[in-house]
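The values are calculated or read from the model by the stated rules, or taken from the named source; none is laboratory data. Computed from a prediction, not measured in an experiment: that's the story for all the values here. Cβ atoms come from the backbone with ideal geometry, glycine included; neighbour counts cover every protein chain shown. Ligands, DNA and RNA are excluded from the accessible area calculation, which covers all protein heavy atoms including side chains. Shrake-Rupley method; radii C 1.70, N 1.55, O 1.52, S 1.80 Å.
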Protein chains: 2
Amino acid sequence: MSAIEKQIPFKTYLEESEMPKAWYNLRADMKNKPAPLLNPGTLQPMTAEELAGVFCDDLIAQELDNTTPFFEIPEEIRTMYKMYRPSPLCRAYRLEEALGTPAKIYYKFEGNNTSGSHKLNSALAQAYYAKKQGLKGVTTETGAGQWGTALSMACAFFGLDCKVYMVKVSYEQKPFRREVMRTYGAEVTPSPSMTTQVGQKILAEHPGTTGSLGCAISEAVEAAVTREGYRYVLGSVLNQVLLHQSVIGLETKAALDKLGVKADMIIGCAGGGSNLGGLIAPFMGEKLRGEADYRIIAVEPASCPSFTRGVYAYDFCDTGMVCPLAKMYTLGSDFIPAPNHAGGLRYHGMSPILSQLYDDGLIEAVSVPQTRVFEAAEMFARTEGILPAPESSHAIRTAIDEALKCKETGEAKNIVFGLTGTGYFDMVAYEKFHDGQMDDYIPTDEELAVYRAKLPKVEA
Amino acid sequence: MSAIEKQIPFKTYLEESEMPKAWYNLRADMKNKPAPLLNPGTLQPMTAEELAGVFCDDLIAQELDNTTPFFEIPEEIRTMYKMYRPSPLCRAYRLEEALGTPAKIYYKFEGNNTSGSHKLNSALAQAYYAKKQGLKGVTTETGAGQWGTALSMACAFFGLDCKVYMVKVSYEQKPFRREVMRTYGAEVTPSPSMTTQVGQKILAEHPGTTGSLGCAISEAVEAAVTREGYRYVLGSVLNQVLLHQSVIGLETKAALDKLGVKADMIIGCAGGGSNLGGLIAPFMGEKLRGEADYRIIAVEPASCPSFTRGVYAYDFCDTGMVCPLAKMYTLGSDFIPAPNHAGGLRYHGMSPILSQLYDDGLIEAVSVPQTRVFEAAEMFARTEGILPAPESSHAIRTAIDEALKCKETGEAKNIVFGLTGTGYFDMVAYEKFHDGQMDDYIPTDEELAVYRAKLPKVEA
């Protein structure tokens, strides 16, 4: 057991007084703003009025604002943040030692709350604004259940009703997630259900269906717009979500500054972009303003490669095509990764903000096959202790790969990555990995072309 | 949403430099020492030589030492502790507000590590000493899996082989726990198994048995003593375990001192006593030395009431009767709580140290029925966010009851309790509670008398 360098703590916590008091709106510093959401009927930018039936008023203002650099975090939300934040910035001493790398590896760990991920940062904000508007409740969809759990917690804290449409196959196969949501008082309905018209229609057409995220979104939207005092909320992709998640990056930067550490690269996993967009926000801000430079690396699964093999185009956000069109790197709204893909990050598109930054060459992207992701996850668990979520493990994989490059070159780079959450509810995926039943499906060019051909025809 | 008092942070973390450098051995300050373990054959105190085939040498020294007040924590263990410690001392502002109590409620949260509980504190120590002795590996048993998970992690960190005998019914019903252990490289065997003679014998006699903790202990002990380079380790009850767990209390006291808060009462759940013994250690030390006074309250399930309805007598530590005799508050080694008891803390006896302190009137004990425990758990989850383990929720129940007494009297007492872990793997129990399928079995006096009559006849 060798001695380990200890000048920098294993975990750095900010004081509560040092926690961010405002979210940072990256769009204010972007020269090329993200493209606006379009009304799918008129192909004109969605107005606040059009969005008001679906989203809360304050959240719409945040969604549409490309110029205000900071939004004050209301005190009530800051109080809630203090229940599980600041999250620690961890130095991965034992992982570094196991790799034999001169690189210094840091990770921002967002899993120390019952939702098990960073999703709670935006759930609290969205629930707060719903309460402030005097609403009775909110609706949403959930697949694996992280977002649904986070929203259930947030609604319990603010005294809001919470209706979650959970993809039926997950509802049945992940009863524990469902029970966590019930513990926080949420009503969890397997989707498709007979509680909505769209659900009834789908069940009539496909009686044995086990559901999909697209269908659950459609049901959740219908449940919101047909009820007095309800709105629909979403856990990723949207500009407002990235705004709320900037608390991750702001805390990360404050802790690094306190330690006197300058990051060389920032690595985050990317599904819809909520974590990556939040983590990189203040770093990208410096980069956009020419104050500093960083490598920013998005990591996605090889089975769902929106950045690395998608196209930058207007597309539907949901497979049900009920939501506005968004310009983003996309594989096509019908694209669904192979069922044997256990590593999460299954969304067909990518946040419009991150898509614009990627198109402008300000972000790199890599895709990784899932067995290599789980190898990294297991190595991380055995060295750093934390059992990572499969999603988060994409970032671990690339952080390890970059650290091994440093071993080749002898460079002591500062690698920072986002560890978005824990894998306690993902043990079926780990079991597949342990039993050698995990494969590395990668879609062919021909497959991707089929979905790409179905993209809506919209002039940018 | 009312304003909340904020002079004291929601969470207080010690600096790494403020973490304890030595464990505190409560026995050194006890006037009446805990009774020694007895050899079941000779009824004489077990010697270090007799214990050496089963336990590691350094751990035997700790087990038998009633006089040394402090044991230095080896630097390697302190390094490992820094991966998940210091754990936060939390102020339960939102719970206080929901209760409308003038009491101030604090809890020490030990669940922010992958084992999900405080068990890792002793697992790391025991694995370290096994490694130091040059052993190849360790064996243990696990029921619900918290201890097995903690030991698997510790063995992964120190490069030791880990063989876990998991009660068969848990192995089959809790596959996720099993997979977590496998992620850390442990070999997990459902017990009873064909890998030991005792397992073969039990399977021959009871072909369909789903196992018991007593049987798993017997298999784990046999697996250790019949293998070159292996020893057996245990996660509770023993003096050495309480010594290691004193890190909980030492951190708690240091944080309270830093905040300028004097506890009025310390509340902990009690199964075998590992958490309670660790949490109260420095407070009880002050009490024993006459430096301060505290109410110390042990909380146990009404279905397994070792303190409140057991007797103080020598008894076997395991149902298989292969281990030494210990003098403790016990219900009899054959006693097993009803299968519908979902709240954990199922052990028939209690740590000899805590038993002596209770017999000396230095600890109070209360027992609580499980539906009231889960009501407290749900209230805690909805106010404080953390989803508590059923075991930990016993302490929550009593903390709430004490806070409500303060509401009656108007006293602003400082209530401190131990939140030992999280309930992510206990959702079946929560589901029973949500579905109204939980009942409050309490053993009758007649039932308890049956087990009591079987206690070994040993003159104290």
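Averaged over its residues, how many other protein chain Cβ atoms are within 10 Å of peptide B:424-434's Cβ atoms?
4
For the pair A:Asp29 and B:Asp435, how long in nm is the line joining their label points, each one 7 Å along Cα→Cβ?
5.2
Please report, in cubic angstrom per residue, the volume enclosed by the convex hull of the alpha-carbon atoms of the stretch B:199-327.
Output value, Cα hull per residue: 154 Å³.
Antiparallel versus total DSSP beta bridges in the protein assembly as shown: what percent is that, nearest 5?
Looking only at bridges with both residues in the protein assembly as shown, the antiparallel portion is about 35 percent.
Suppose we compare each residue of the stretch A:139-156 in its chain alone and in the full protein complex with a 1.4 Å probe; which ones drop by at least 30 Å² of accessible area?
none
Could you tell me the relative contact order of chain B? Use alpha-carbon pairs under 8 Å, at least six residues apart, and round to a whole percent.
Relative contact order of chain B: 19 percent.
Would you mind telling me the antiparallel percentage of the DSSP bridges in the stretch A:207-333, rounded to 5? Don't jump to the answer; show the numbers that get you there.
Working: 6 of 11 bridges.
Approximately 55 percent, going by the DSSP bridge assignments.
Can you check what the Kirkwood hydrodynamic radius comes to for chain B, Cα pairs only, in Å to one decimal?
Mean inverse Cα-Cα distance, inverted, gives 22.1 Å.
Would you mind giving the total buried accessible surface between chains B and A, with a 1.4 Å probe and ligands, DNA and RNA left out, rounded to the nearest 100 Å²?
Numbers: alone 17620 and 17650 Å², together 30650 Å².
That pair hides around 4600 Å² of surface in total.
Please calculate how many Å² of accessible area the protein assembly as shown carries per residue, with a 1.4 Å probe and no DNA, RNA or ligand atoms counted.
33
With bins 10 Å wide starting at 0, give me the P(r) of the stretch B:305-460 over every alpha carbon pair, in whole percents.
10, 33, 33, 19, 4, 0
Could you please state how large a percent of the accessible area of the protein assembly as shown is carbon and sulfur, counting protein chains only and using a 1.4 Å probe?
Ligands and nucleic acids excluded, carbon and sulfur reach 52 percent.
Please say if the stretch B:287-358 is rounded, prolate or oblate, where rounded means a/c under 1.5 for a ≥ b ≥ c the square roots of the C-alpha gyration tensor eigenvalues, and otherwise the choice is prolate for a/b larger than b/c and oblate otherwise? Intermediate results must be reported in sequence, preceding the final value.
Details: a/c = 2.93, a/b = 1.46, b/c = 2.02.
Oblate, since a/c reaches 1.5 and b/c is not below a/b.
In the stretch B:48-94, which residues become less accessible by 40 Å² or more once every protein chain is in place, relative to the chain on its own, using a 1.4 Å probe?
B:Thr79, B:Lys82, B:Met83, B:Arg94
Would you pull out the residues with amide H under 5 Å of A:Ala22's amide H, same chain only if 5 or more places away, H placed 1.01 Å from N?
A:Ile73
Could you work out how much longer the chain between A:Asp360 and A:Ser17 gets when fully extended? Use 0.36 nm per residue separation minus the Cα distance between them, nm to one decimal.
Full extension from A:Asp360 to A:Ser17 adds 119.9 nm.
So for the stretch B:131-251, what percent of the C-alpha to C-alpha distances run longer than 17 Å?
Summing the P(r) of the stretch B:131-251 above 17 Å gives 56 percent of all pairs.
Please work out the ratio of the alpha-carbon Rg of the stretch B:1-84 to 2.2 N^0.38 Å and round it to two decimals. Show your work: numbers first, answer last.
Details: Rg = 19.9 Å, N = 84, 2.2 N^0.38 = 11.8 Å.
For the stretch B:1-84, the normalised Cα radius of gyration comes out at 1.68.
At 37 °C and a viscosity of 0.692 mPa s, what translational diffusion coefficient does Stokes-Einstein give for the protein assembly as shown, taking Rh as the Kirkwood radius over Cα pairs? Give it in µm²/s as a whole number.
This corresponds to a translational diffusion coefficient of 115 µm²/s.
Please report, for A:Thr67, the nm distances (one decimal) from its label point, 7 Å out from Cα along the beta-carbon direction, to the equivalent points in the remaining copies, shortest first.
8.1
Starting from a label point 7 Å past Cα on the Cβ side, list the distances from B:Asp257 to the same position in the other copies, nm, shortest first.
List, nearest first: 3.4 nm.
Using mean Cβ contacts within 10 Å as the protection proxy, how do A:37-50, B:224-237, A:299-312 order, highest first?
Working: A:37-50: 13.9, B:224-237: 19.6, A:299-312: 22.9.
The most tightly packed comes first, giving A:299-312, B:224-237, A:37-50.
As a quick test, which of the pairs A:Lys174/B:Lys108; B:Lys11/B:Lys108; B:Lys253/B:Lys413 have an alpha carbon distance above 19 angstrom in this structure?
On the way: A:Lys174/B:Lys108 30 Å; B:Lys11/B:Lys108 9 Å; B:Lys253/B:Lys413 16 Å.
Those over the limit are A:Lys174/B:Lys108.
Inside 10 Å of the C-beta atoms of A:183-189, what's the mean count of C-beta atoms belonging to other chains?
For peptide A:183-189, the averaged partner shielding equals 3.
Taking each label point as 7 Å beyond Cα in the direction of the beta carbon, state the distances from B:Glu408 to the same residue in the other copies, shortest first, in nm.
Output for B:Glu408: 7.2 nm, nearest copy listed first.
For labels at B:Ala338 and B:Glu50 in the simple 7 Å Cα→Cβ model, what's the distance in nm?
Roughly 3.9 nm, to one decimal.
Can you work out the PRE-style zone for A:Lys457? Point 7 Å along Cα to Cβ, and I want the residues of the stretch A:293-327 with backbone N under 15 Å.
A:314
Rounded to the nearest 0.05, what FRET efficiency do A:Gln200 and B:Glu375 have when you use their Cβ-Cβ distance and R0 = 45 Å?
The computed FRET efficiency comes out at 0.75.
Considering only DSSP beta bridges with both partners in chain A, what is the antiparallel share in %, to the nearest 5?
In chain A, DSSP labels about 35 percent of beta bridges as antiparallel.
In 10 Å bins starting at zero, report the fraction of Cα pairs in the stretch B:201-272 per bin as a rounded %.
Whole-percent P(r) values from 0 Å outward: 14, 29, 25, 16, 12, 4, 0.
In nm, to one decimal, how far is the modelled label at A:Thr209 from the one at A:Thr444, with both set 7 Å along Cα→Cβ?
Placing both labels 7 Å along Cα→Cβ, they lie 2.8 nm apart.
Please average, across the residues of A:384-390, the number of beta carbons from any other chain that are within 10 Å of each residue's own beta carbon, and give a whole number. Write down the numbers at each step before the final one.
Working: counts 4, 12, 6, 10, 1, 0, 0.
What the average comes to for A:384-390 is 5.
What does the helix-only formula give at 222 nm for chain B: each DSSP H stretch with n ≥ 4 adding -39500 (n - 2.57), the total divided by the residues, and the result rounded to the nearest 500 deg cm²/dmol? Mind showing how you got there, number by number?
On the way: 18 runs with 188 residues, N = 460.
Value at 222 nm, helices only: -12000 deg cm²/dmol.
Over 21 Å, how big is the tail of the calculated P(r) for the stretch A:71-174, in percent of all Cα pairs?
47
Show me the ranking of peptides A:395-408, B:344-357, B:439-452 by mean Cβ neighbours inside 10 Å, starting with the highest.
B:344-357, A:395-408, B:439-452
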